[in-house]
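Student: Quick one: structure below, then a few questions.
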Amino acid sequence: MGSHRFLSPDWIEAALGLRDELASAAPEPVHTARVNLVVTDTPFSDGQFRACIDTDAGGPLPVPGTLDDPDATVMLDYPAARAAFVTDDPDAVARGFLTGALRVDGDLALVLILFGEGMTDEQAAFARHAQARLRAITALE
């Protein structure tokens, strides 16, 4: 399995390399989305990790940083983020909403699309492939 702890500096570097590698294979988005992500309770730096997804600028994989005027901001704790981006757990997002580990400020419909609701078959296949590749670089915790 992988060798980098989720959201560690080494994991982020490896994930950005993976994002660059997969960018040309990403299917066209059905909807454009600009979403900021705030992961809380991380074991690194100040306990928060900020990233963003802009489907018009590189596909559905997040990059560090934030966007001005996003469609939504998603706040989630470290375990919920790991489940959403790395593990093969289709119920992770629903559990996150139910338990309060995942909160959305803004356009919930676009966030649900990013997390798999309403994807085309091609987008779903790409998302599974990208998640498998992220899982391959991630150490078991």
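Student: So how compact is region 9-98: Cα radius of gyration and Dmax in angstrom?
Tutor: 13.2, 35
Student: Express in whole angstrom the spacing between the alpha-carbon centres of region 17-52 and region 90-141.
Tutor: Region 17-52 and region 90-141 have Cα centres separated by 11 Å.
Student: Which one, Val38, Ala124, Ser8, is farthest towards the positive end of the dipole of region 1-130 when Lys and Arg carry +1 and Asp and Glu -1 on their Cβ?
Tutor: Ser8
Student: Can you give the charge dipole size of region 1-126 about its Cα centre, rounded to the nearest 20 debye, using +1 on the beta carbon of Lys and Arg and -1 on the beta carbon of Asp and Glu?
Tutor: Charge dipole, region 1-126, about its Cα centre: 360 debye, nearest 20.
Student: Also, I was wondering about something else. With runs of 4+ DSSP H residues as the only contributors, calculate the mean residue ellipticity of the chain at 222 nm using -39,500 (n - 2.57) per run, divided by the residue total and rounded to the nearest 500.
Tutor: Value at 222 nm, helices only, nearest 500: -11500 deg cm²/dmol.
Student: Continuing with this model, one more query. I'd like the FRET efficiency for Ala109 and Ala132, computed as 1/(1 + (r/R0)^6) with the beta carbon distance as r and R0 of 25 Å, rounded to 0.05.
Tutor: 0.40
Student: Using Cα pairs under 8 angstrom and six or more residues apart, how large is the relative contact order of the chain, in percent?
Tutor: In percent, rounded to a whole number, it is 31.
Student: Oh, and also: Taking K and R as +1 and D and E as -1, what net charge do the other residues with C-beta under 15 Å from the C-beta of Met119 add up to?
Tutor: -3
Since every read-out is calculated from the coordinates, none of them should be taken as a lab result. The structure displayed is predicted, hence computed values, not measured ones. Glycine gets a Cβ as well: all are built from the backbone with ideal geometry, and neighbour counts include every protein chain shown.
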